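J.: Below you will find the structure I want to go over with you.
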Amino acid sequence: MEEPRGIICDLDGTLLDTLEDLADSVNIVLAERGLPVHPVDAFRYFVGDGASVLITRVLPEGSRDAETHARCLSRFREVYAMRWNLKTHPYEGIIDMLLQIRKRGIRMGVLSNKPHDATVQCVTELLKEVKFDIVQGQVDGLARKPDPAGALAIARSLNLSPDEFLYLGDTATDMQTAVSAGMFAVGVAWGFRTREELEHNGARVVLDSPGQLTALLDGVRIS
């Protein structure tokens with residue numbers, strides 16, 4: 001591939017391993033209400049589409065009424081705000097990968113379905129060594145991924161065309177976003193989902209480690 005002028009990165013499962021803090025926070029909420037809790041690994045498929053969808057997925061089918069959902073969502077936000085960084089950390093090699101991208105003069109953005117304030121907090125505190133051009137989380141009025149609206153808005157903000165972007169993510173949602181936006185979709189196998197899911201949903205390349213991105217940008221074939 002030709003070197004892109006811009007790269008958009010997903011956050012959870014791509015740059016940061018947030019799984020345990022998300023799982024622990026949700027399970028606290030469920031336990032408080034006497035509802036069944038879930039193993040951490042199950043959250044690989046619960047997360048990725050925003051907090052509201054997360055709560056719908058973890059609630060038993062008989063407890064998904066509007067009032068229960070609203071109370072659990074509100075409580076989850078309270079709990080997660082207090083413990084979001086107890087176990088969350090960048091994946092090994094991520095900081096170096098991002099710094100290498102910056103050295104190349106490639107513009108960088110983060111696009112997450114996590115609420116905007118939480119997205120900014122995660123990036124500011126856990127990826128502080130890296131300067132991003134734009135960080136965008138979920139806000140009212142902006143359709144969440146896999147709708148391409150957020151990715152296209154980042155492209156416009158950076159005065160680049162979508163086909164000048166590489167989009168890096170770890171889920172079907174991310175790959176669908178990249179394809180819909182007309183960006184080069186790159187999946188990461190170190191995140192929450194499988195290589196098969198990424199390839200099935202449009203990944204042009206799947207990376208096994210952050211260091212492979214530099215090789216990809218250098219024109220090395222990644223199998």
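The values are calculated or read from the model by the stated rules, or taken from the named source; none is laboratory data. Computed from a prediction, not measured in an experiment: that's the story for all the values here. Heads up, the Cβs are rebuilt from the backbone with ideal geometry, glycines too, and the neighbour counts pull from every protein chain shown.
J.: Residues of region 119-159 being among the small types (Gly, Ala, Ser), over 18 Å from Asp170 (Cβ atoms) and without any contact (Cβ under 8 Å) to a residue 60 or more places away in the chain, which ones?
T.: Kept after step one, since they are among the small types (Gly, Ala, Ser), are these residues of region 119-159: 137, 141, 143, 149-151, 153, 155, 157.
Filter again for over 18 Å from Asp170 (Cβ atoms), leaving 141, 143, 149, 153, 155, 157.
Hits for region 119-159 are Gly141, Ala143, Ala149, Ala153, Ser157.
J.: Could you tell me which numbered condition Asp41 fails, if it satisfies all but one of (1) under 18 Å from Phe76 (Cα atoms); (2) part of a helix (DSSP H, G or I)?
T.: Status for Asp41: all satisfied but (1).
J.: Still on this model: Would you please name the residue that is farthest from Ser209 (Cα to Cα), looking only at residues in region 88-126 that are among the small types (Gly, Ala, Ser) and part of a loop (DSSP other than H, G, I, E, B)?
T.: At the first step, the residues of region 88-126 found to be among the small types (Gly, Ala, Ser) are 93, 105, 109, 112, 118.
This time we only want the ones that are part of a loop (DSSP other than H, G, I, E, B), so: 93, 105.
Details: Gly93: 8, Gly105: 22 Å.
Filtering region 88-126 for residues that are among the small types (Gly, Ala, Ser) and part of a loop (DSSP other than H, G, I, E, B), the one farthest from Ser209 (Cα to Cα) comes out as Gly105.
J.: If you don't mind, there's one more thing I want to ask. Does Ser74 satisfy the condition of being over 28 Å from Leu158 (Cβ atoms), among the polar types (S, T, N, Q) and out of contact with any Lys or Arg (no Cβ under 9 Å at 6 or more places or on another chain)?
T.: Working: over 28 Å from Leu158 (Cβ atoms): yes; among the polar types (S, T, N, Q): yes; out of contact with any Lys or Arg (no Cβ under 9 Å at 6 or more places or on another chain): yes.
Criteria met by Ser74.
J.: Leu11: of a type in the set (A, V, I, L, M) and in contact with a strand residue (DSSP E or B) (Cβ under 6 Å, 6 or more places away or on another chain), yes or no? Before the answer, list the steps.
T.: Values: of a type in the set (A, V, I, L, M): yes; in contact with a strand residue (DSSP E or B) (Cβ under 6 Å, 6 or more places away or on another chain): yes.
Yes.
J.: If you don't mind, another one. Check whether at least one residue in region 105-118 is exposed (fewer than 13 other Cβ atoms within 10 Å of the Cβ) and closer than 30 Å to Asp218 by Cβ, and report yes or no.
T.: Step one: of region 105-118, the residues exposed (fewer than 13 other Cβ atoms within 10 Å of the Cβ) are 105, 117.
With the extra rule that they be closer than 30 Å to Asp218 by Cβ, the set shrinks to 105.
Yes, region 105-118 has at least one match.
J.: Which of the residues belonging to region 166-187 are touching a helix residue (DSSP H, G or I) at 6+ places or on another chain (Cβ under 6 Å) and either closer than 14 Å to Asn113 by Cα or of a type in the set (A, V, I, L, M, F, W, C) (or both)?
T.: Answer for region 166-187, where residues must be touching a helix residue (DSSP H, G or I) at 6+ places or on another chain (Cβ under 6 Å) and either closer than 14 Å to Asn113 by Cα or of a type in the set (A, V, I, L, M, F, W, C) (or both): Ala172, Met175, Thr177, Ala181, Met183, Ala185.
J.: Same structure, new question: When you check Ile95 against the structure, is it assigned by TED's automatic domain parsing to the domain that holds Leu166 and within 25 Å of Val53 (Cβ to Cβ), yes or no?
T.: Spelling it out, it is not the case that Ile95 is assigned by TED's automatic domain parsing to the domain that holds Leu166 and within 25 Å of Val53 (Cβ to Cβ).
J.: Let me ask something else about it. Do the conditions hold for Gly50, that is, is it modelled with pLDDT of 95 or more, at positive phi and surrounded by 13 or more Cβ atoms within 10 Å (Cβ to Cβ)?
T.: no
J.: Exactly one of these conditions fails for Ser63: (1) more than 25 Å from Ala189 (Cβ to Cβ); (2) among the small types (Gly, Ala, Ser); (3) under 17 Å from the mean Cα position of the chain (by Cα); (4) at pLDDT 95 or above. Give me its number.
T.: All conditions pass for Ser63, except number (3).
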